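Structure, as structure tokens:
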Amino acid sequence: MDKLLLWVSVLASLPEAFAQKDLSRKVFVFPRESSTDHLNLITKLEKALQNFTLCFQVYSGLSCGYSLFSYNTQGKDELLIFKDRIGEYSLYIGRTKVTARVIEEFPTALHICTNWESSTGIAEFWVNGKPLVKNGLRQGYSVGANPKIVLGQEQDSYGGGFDKTQSFMGEIGDLYTWDSLLSPEEIQFVYQGSYSLNPTILDWHALNYEMKGYVVIKPLVWG
Ligand SMILES: *[C@@H]1O[C@H](CO)[C@@H](O)[C@H](O)[C@H]1NC(C)=O
Ligand SMILES: [Ca+2]
């Protein structure tokens, strides 16, 4: 291959080739139940994860189970945030599941953070700044690299295998992901809307994404 061609193909293979947008004060609306509408979040993540923190805001009128964040590596259900029912949040790491519970109003706008630490296996949830009871799972495990990350649907295969009954309907915004554990103080900063914490995996202020099907960007009016 000549140098120019090589350079072009290198550029084309970088995630940076996708549009990077600042979505502050904006949400993605998933206006209907479906087995197709979804959002691909694109990130370069080549190392397995031993620690992570994920935060986002969500507003939904669904009371049945749905996927909030689906991270799949080559056919495995590697990392999944699933809302089983009102006030019940499950985190899956490497196909193992823990569930945390909270009393919450419905429907209500929610700010959710969750994190997991391999060395202890401890998984934490915060809902509207309030910590839920900790659980432990998959101590010593590493979450696989090179994921497909999907909002709006739950992946049963790498980038697909969607099921209408697990789809998300509603609005999602302010999503940030770190490859480290945020401290309880930092979680509170994020909850209060601080943006200075430099998210390493997904940053709502510089997001690479692909919208598939009926997904709409609107101003954030409730958070
Ligand atoms: C994960 O966090 C633990 C402490 O919580 C730390 O010792 C370890 O170095 C971290 N691993 C990575 C890859 O950052
Ligand atoms: Ca499924």
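Can you find a residue in region 190-203 that is touching a residue at least 60 places away in the same chain (Cβ under 8 Å) and in a helix (DSSP H, G or I)?
Checked against the condition, which is being touching a residue at least 60 places away in the same chain (Cβ under 8 Å) and in a helix (DSSP H, G or I), region 190-203 yields at least one hit.
Hey, among SER34, SER63, SER70, which residue is hydroxyl-bearing (Ser, Thr, Tyr) and free of Cβ contacts under 8 Å to residues at least 60 places away in the same chain?
None of the other options fit; the residue is SER63.
On the basis of being within 15 Å of LEU41 (Cα to Cα) and either within 14 Å of the chain's Cα centre (by Cα) or outside any loop (DSSP other than H, G, I, E, B) (or both), does ILE187 make the cut?
Taking the combined requirement at face value, the residue does not satisfy it.
Taking the stated definitions as given, is GLY160 within 18 Å of the chain's Cα centre (by Cα), within 16 Å of ligand 2 (Cβ to nearest atom) and small (Gly, Ala, Ser)?
yes
Right, LEU23: modelled with pLDDT of 95 or more and under 30 Å from ARG138 (Cα atoms) or not?
No, not satisfied.
What do you reckon, is SER70 within 16 Å of ligand 2 (Cβ to nearest atom) and either under 13 Å from the mean Cα position of the chain (by Cα) or crowded, with 20+ Cβ neighbours inside 10 Å (or both)?
For SER70, the condition - within 16 Å of ligand 2 (Cβ to nearest atom) and either under 13 Å from the mean Cα position of the chain (by Cα) or crowded, with 20+ Cβ neighbours inside 10 Å (or both) - is met.
For residues that are of a type in the set (Val, Ile, Thr) and more than 16 Å from LEU49 (Cα to Cα), scanning just region 97-121, find the one that is farthest from ligand 2 (Cβ to nearest atom).
The residue in question is ILE103.
Could you look through region 86-113, keep only residues that are over 16 Å from the mean Cα position of the chain (by Cα) and on the phi > 0 side of the Ramachandran plot, and pick out the one that is surrounded by the fewest Cβ atoms within 10 Å (Cβ to Cβ)?
My answer is ARG95.
Checking the structure you have, find out if any residue of region 169-182 is more than 16 Å from ligand 2 (Cβ to nearest atom), surrounded by fewer than 13 Cβ atoms within 10 Å (Cβ to Cβ) and over 28 Å from PHE106 (Cβ atoms).
no
Can GLU210 be described as in contact with a helix residue (DSSP H, G or I) (Cβ under 7 Å, 6 or more places away or on another chain) and touching a residue at least 12 places away in the same chain (Cβ under 8 Å)?
The answer is no for GLU210.
Could you check region 42-83 and list, in sequence order, the residues that are away from ligand 1 (no atom under 16 Å from the Cβ) and hydrophobic (A, V, I, L, M, F, W, C)?
ILE42, CYS55, PHE56, VAL58, LEU62, CYS64, LEU68, PHE69, LEU80, ILE81, PHE82
Given the criteria in contact with a strand residue (DSSP E or B) (Cβ under 6 Å, 6 or more places away or on another chain) and away from ligand 2 (no atom under 15 Å from the Cβ), does GLU88 qualify?
Criteria met by GLU88.
Out of (1) more than 22 Å from LYS76 (Cβ to Cβ); (2) modelled with pLDDT of 95 or more, the odd one out for GLY193 is which?
It fails just one condition, (2).
So how many residues does region 206-223 have that are in a loop (DSSP other than H, G, I, E, B) and out of contact with any Leu (no Cβ under 8 Å at 6 or more places or on another chain)?
The qualifying residues number 7.
The values are calculated or read from the model by the stated rules, or taken from the named source; none is laboratory data. Being a predicted model, the structure only gives us computed values, none of them experimental. We place every Cβ from the backbone using ideal geometry, glycine too, and count neighbours over all the protein chains shown.
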